[in-house]
2 protein chains.
Amino acid sequence: MNPLIKKLERFTRLSDEDKRILQHAAASRLRNFEPRCDIISEGETPRDVNLILSGWACRYKQFEDGRRQIVAFFLPGDLCDLNVFLLREMDHSIGTLAPVTLAQISRDLLQRMLDANSRLTQALWWETLITAANHREWVVNVGQRTAIERVAHLLCELFHRLRAVGLVREGGYEMPITQSEMADALGISAVHVNRTLRELRIAELMTWKSGRVTILDLPALEEVGLFNPNYLHLDREGQQFDAPGT
Amino acid sequence: MNPLIKKLERFTRLSDEDKRILQHAAASRLRNFEPRCDIISEGETPRDVNLILSGWACRYKQFEDGRRQIVAFFLPGDLCDLNVFLLREMDHSIGTLAPVTLAQISRDLLQRMLDANSRLTQALWWETLITAANHREWVVNVGQRTAIERVAHLLCELFHRLRAVGLVREGGYEMPITQSEMADALGISAVHVNRTLRELRIAELMTWKSGRVTILDLPALEEVGLFNPNYLHLDREGQQFDAPGT
DNA sequence: CGGTTGATTGATGGTTGTCAATAAGCGTGG
DNA sequence: CCACGCTTATTGACAACCATCAATCAACCG
């Protein structure tokens, strides 16, 4: 099933017509990207909204001196860049981590969809609000949590998000990034990420081998990471926007 | 002039009818809040959108052990809580710093406005995107910048934002918060905020006396803070949404 | 004018960063 | 199948930045 529909249906019921439009949009213009390349760079003008179909990407900002902060991960089913509607130029970059397949939805097509359907507009606005909620939790993560709390929190977030799109199997998930990239997301050094993962491994909370994370004790890991899934808003909350008669 | 109109006009031209509606909305239900009290707390269900007319407020998240992270400052002209439309319950709190006067715009009224006017919908969506852009920069701030860079960056952000709403006078602005609150926003201790401010003072980049910050050398301060105002999107960028015939 | 809050400074310690070396993994090609 | 080279992971030693604790000072206010 179309992951975009799946995602939006988590908070609003769509009519058959809505779904038909979305189906059409997501089928248009598929593209593949290598790992570690930019989908769009800071300063460029966004032209399309990208829907990740498979693989991982991230938003990041980089200083001239090399320091880099990853501010969000994109997982399958995520919409990359609703900024396209509103921002003249990107204030950050979007790059791949693992190989990515995405659907490019043109600005014009999406604009027509929105003009014709205010429920879709609100659904996408909602998506933007969730993005902001995620950013807020990341500010808290790098601002207040210790290294081990940050790592645990990120592992929990990824678990919940991937489970919501059916990518958790046998209590674990594919983790196609390096410890160095994790470090850039957590605001700590790669060396310290490594030490911290060892701690979690010794505590028998998780393992990470050959690109696959296994969560051995989710409640304990959530406790270490001071994790509360409320900011993900994964439960259906938008009943007020349900299409009539569905 | 109505600060909400002023704000929205920074990115889209509004028709006279738009303005009349907004004028009406902002005039409704004024409320005053003491300093250091919650406007809405985590877990509550938001009922209104709040437009700050005067004073400072902030979004924050707090752990049970007392650690707190401020994730954004609200300045006059800011819309507090568009989450009201979409989130069943708040995943963070909004509290005042200085005494605040705000206009409560009811959910129903705003909903009617949006239903009748897709340009307004997009204008408010844009506001949400700017909020997210701000959050991203804050992730970078606490994730990558050193203490002195963080302090300098925050002072620059406040300068630019306050200037945009006409609250910068004689190269400075009112700063109605404590160093401890600044510490909560920057993810460093209050003691270290104090030391860092001293450094900036000795370098003759700024002063902060009796609730008023004066920026002595903005370019130098921006350089220290690795500050780039692009994420604020303060220049008019939404010409594509201009009302026809204005 | 006492009392409270916030600012300031010093001393000390801990978490984390940096540097460096080694080991492990992984793809490529002989 | 193994050798090779590259990237990534892992570990140790040391240093730095920042937190914490504590004391003093300044500002504000009823």
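Every listed requirement among (1) among the charged types (D, E, K, R); (2) open to solvent by 50 Å² or more (accessible area, probe 1.4 Å); (3) over 26 Å from A:R163 (Cβ atoms) is met by A:K61 save one, (2).
Scanning the range A:191-206 for residues that are of a type outside the set (D, E, K, R) and either touching a Gly at 6+ places or on another chain (Cβ under 7 Å) or in contact (Cβ under 8 Å) with a residue 12 or more places away in the chain (or both) returns A:H192, A:V193, A:N194, A:T196, A:L197, A:L200, A:A203, A:L205, A:M206.
Exactly one of (1) open to solvent by 10 Å² or more (accessible area, probe 1.4 Å); (2) within 9 Å of chain B (Cβ to nearest Cβ); (3) over 12 Å from the mean Cα position of the chain (by Cα) is unmet by A:T45. Its number? All conditions are met except number (2).
Do we have A:R88 as within 9 Å of chain B (Cβ to nearest Cβ) and in contact (Cβ under 8 Å) with a residue 40 or more places away in the chain here? Before you say what the answer is, go through the steps one by one.
Working: within 9 Å of chain B (Cβ to nearest Cβ): yes; in contact (Cβ under 8 Å) with a residue 40 or more places away in the chain: yes.
Yes, satisfied.
Take the residues of the range B:161-180 that are away from DNA strand D (no atom under 14 Å from the Cβ), open to solvent by 10 Å² or more (accessible area, probe 1.4 Å) and assigned to a helix (DSSP H, G or I): which is nearest to B:R67 (Cα to Cα)? Filtering first and then ranking leaves B:R161.
Of everything listed in (1) modelled with pLDDT under 85; (2) facing chain B (nearest Cβ under 8 Å); (3) in contact with a Phe, Trp or Tyr (Cβ under 9 Å, 6 or more places away or on another chain), the single unmet condition for A:D115 is (3). A:E149 passes every criterion in (1) among the acidic types (D, E); (2) away from chain B (no Cβ under 13 Å); (3) within 12 Å of DNA strand C (Cβ to nearest atom) apart from (2).
Restricting attention to the range A:127-158, the residues being in a helix (DSSP H, G or I) and either more than 18 Å from A:V193 (Cα to Cα) or without any contact (Cβ under 8 Å) to a residue 40 or more places away in the chain (or both) number 15. The set of residues in the range A:104-122 that are open to solvent by less than 30 Å² (accessible area, probe 1.4 Å) and farther than 20 Å from A:S28 by Cα contains only A:Q122.
Only one entry of A:I21, A:I70, A:I94 meets the criterion of being outside any loop (DSSP other than H, G, I, E, B), touching a residue at least 60 places away in the same chain (Cβ under 8 Å) and closer than 22 Å to B:I130 by Cβ, and that entry is A:I70.
Name the residue, out of A:E157, A:E149, A:E137, that is open to solvent by less than 30 Å² (accessible area, probe 1.4 Å) and in contact with a Gly (Cβ under 6 Å, 6 or more places away or on another chain). Write out each step before concluding.
Numbers: A:E157 fails: in contact with a Gly (Cβ under 6 Å, 6 or more places away or on another chain); A:E137 fails: in contact with a Gly (Cβ under 6 Å, 6 or more places away or on another chain).
None of the others qualify; the one that does is A:E149.
The values are calculated or read from the model by the stated rules, or taken from the named source; none is laboratory data. None of these values were measured; they are calculated from a predicted model. Positions of Cβ are backbone-derived with ideal geometry, glycine not excepted, and every protein chain shown enters the neighbour counts. Side chains included, ligands, DNA and RNA excluded: accessible areas come from the protein's heavy atoms. Shrake-Rupley method; radii C 1.70, N 1.55, O 1.52, S 1.80 Å.
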